[in-house]
Amino acid sequence: MNMDGAEIKKLSQLTKGETAIVFCLVRSMNIKTSTNNKSYGDYTLCDASGEMNAKLWDVSDEDACPKVGDVIKVKGLVTEWQNNLQLRMDKFRPVSDEDEVDLSQMIPSAPYPPEEMLATIKEYLAKIKDDSIRKLTVEVLREYAEYLPLHPAALHNHHAIRSGLLYHTTTMLKAADALHTVYPDLDYDLVYAGVIMHDICKTVEINAENAGIATEYSRDGLLLGHIVQGIIAIEKAGEKVGCDQEKIAMIQHMLLSHHYEPEFGSPRRPMFPEAELVHYLDMIDTRMYDMDKALGDVEEGKFSPSIWTLHKRRLYKKTF
Ligand SMILES: [Fe+2]
Ligand SMILES: [Fe+2]
């Protein structure tokens, strides 16, 4: 397929109204029906610079449509829908060897290599002085070890990148460490254990078969969610390593309450300071990530579009 006549760009460089060519990975694909009863393909495309919604209006030959996990070359017109850029896929084909595309350039990834972040987790495990809390945490980590290096921390929102879960967890550990001197009387064995395990079951809540790209929620992820899955994991690990029931219940409570609000999945709000801190560390890291991402492509002195995950706020980028 000839795609001449347009410039090759990264997704983050696209601007409204232009026709461009991008090399990207298909992250999600759903066949939907429009108001005039016509089928179309609703896509999420990504490359290392970010992701974008895309539409394929002709899906008459469904077998020929790009599928999740395909790396494709696309030519399309950039349009706008509800303040978000969108790509109308006019031409596409799978990438070939001649395109010399590096797969790692297709997947947004954490800024640190997984080995380095796993070493950071080990460092904090070693700081946990209480034997049974440390053993319980090691046991839970062992259970999910195969998924840890590449798993994202979300399907769409914060840290939905390769190795995003490790990035989120290690940043929270560093923030907890920094607060140690400010709030020295808290039990940091509980805080570190709570941080390390708070989202660990995202590894089984979300399927990510394609080199760290989240594709969909798993069955148990939808039916139970990572909080309940995490509580079951702690129960099992606690029994296995012989942790006493008070410690098991307190660690389970830190998981149970980390989303804070019942409507966000927490049936209890935090009932001791370490659990409160785990919640706020989670919030800080999520917010900082979302804000940094939202401002990434904004020009100095300008505002971002309204960001749904940030209460529809528009963010300002300073000029100095
Ligand atoms: Fe969570
Ligand atoms: Fe989290």
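Structure notes:
- Inspection of segment 32-50 finds a residue satisfying the criterion of being more than 16 Å from I213 (Cβ to Cβ), part of a strand (DSSP E or B) and polar (S, T, N, Q).
One line per residue, one yes/no per condition, for (1) touching a Cys at 6+ places or on another chain (Cβ under 9 Å); (2) without any contact (Cβ under 8 Å) to a residue 40 or more places away in the chain; (3) surrounded by fewer than 15 Cβ atoms within 10 Å (Cβ to Cβ); (4) within 21 Å of R134 (Cβ to Cβ):
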| position | (1), (2), (3), (4) |
| --- | --- |
| E216 | no, no, yes, no |
| V241 | no, no, no, yes |
| D244 | no, no, yes, yes |
| L255 | yes, no, no, yes |
| H258 | no, no, no, yes |
| T286 | no, no, no, no |
| A294 | no, yes, no, no |
| E299 | no, yes, yes, no |
| I307 | no, yes, no, no |
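- Some residue of segment 29-38 being within 20 Å of V59 (Cα to Cα), of a type outside the set (G, A, S) and buried (at least 19 other Cβ atoms within 10 Å of the Cβ): yes
- Members of segment 159-204 found to be away from ligand 1 (no atom under 14 Å from the Cβ), at pLDDT 95 or above and of a type in the set (K, R), listed by number: K174
- Any hit, segment 205-217, residues being at pLDDT 95 or above, closer than 22 Å to V140 by Cα and either more than 11 Å from ligand 1 (Cβ to nearest atom) or not in a helix (DSSP H, G or I) (or both): no
- Residues in segment 232-258 that are within 12 Å of ligand 1 (Cβ to nearest atom) and hydrophobic (A, V, I, L, M, F, W, C): M254, L255, L256.
- In segment 137-163, of all residues being hydroxyl-bearing (S, T, Y) and in contact with a His (Cβ under 9 Å, 6 or more places away or on another chain), the one that is farthest from D282 (Cα to Cα) corresponds to Y144.
- For first residues located in segment 160-188 and assigned to a loop (DSSP other than H, G, I, E, B), partners that are away from ligand 2 (no atom under 16 Å from the Cβ) and small (G, A, S) and lie 6+ apart or on another chain with Cβ distances below 8 Å form the pairs I161/S109; I161/G212; S163/S109; S163/G212.
- Listed by first and then second residue, the pairs linking a residue in segment 220-232 that is under 17 Å from E139 (Cα atoms) to a residue that is charged (D, E, K, R) and surrounded by fewer than 19 Cβ atoms within 10 Å (Cβ to Cβ), with Cβ atoms under 7 Å apart and 6 or more places separating them unless they lie on different chains, are Q229/D220.
- Among the residues making up segment 267-313, those that are in a loop (DSSP other than H, G, I, E, B), at pLDDT 95 or above and not assigned by TED's automatic domain parsing to the domain that holds I231 are E300, G301, K302.
The values are calculated or read from the model by the stated rules, or taken from the named source; none is laboratory data. Given the structure is predicted, the values throughout are model-derived calculations rather than measurements. For neighbour counting, all protein chains shown are included, and Cβ atoms are generated from backbone atoms with ideal geometry for every residue, glycine included.
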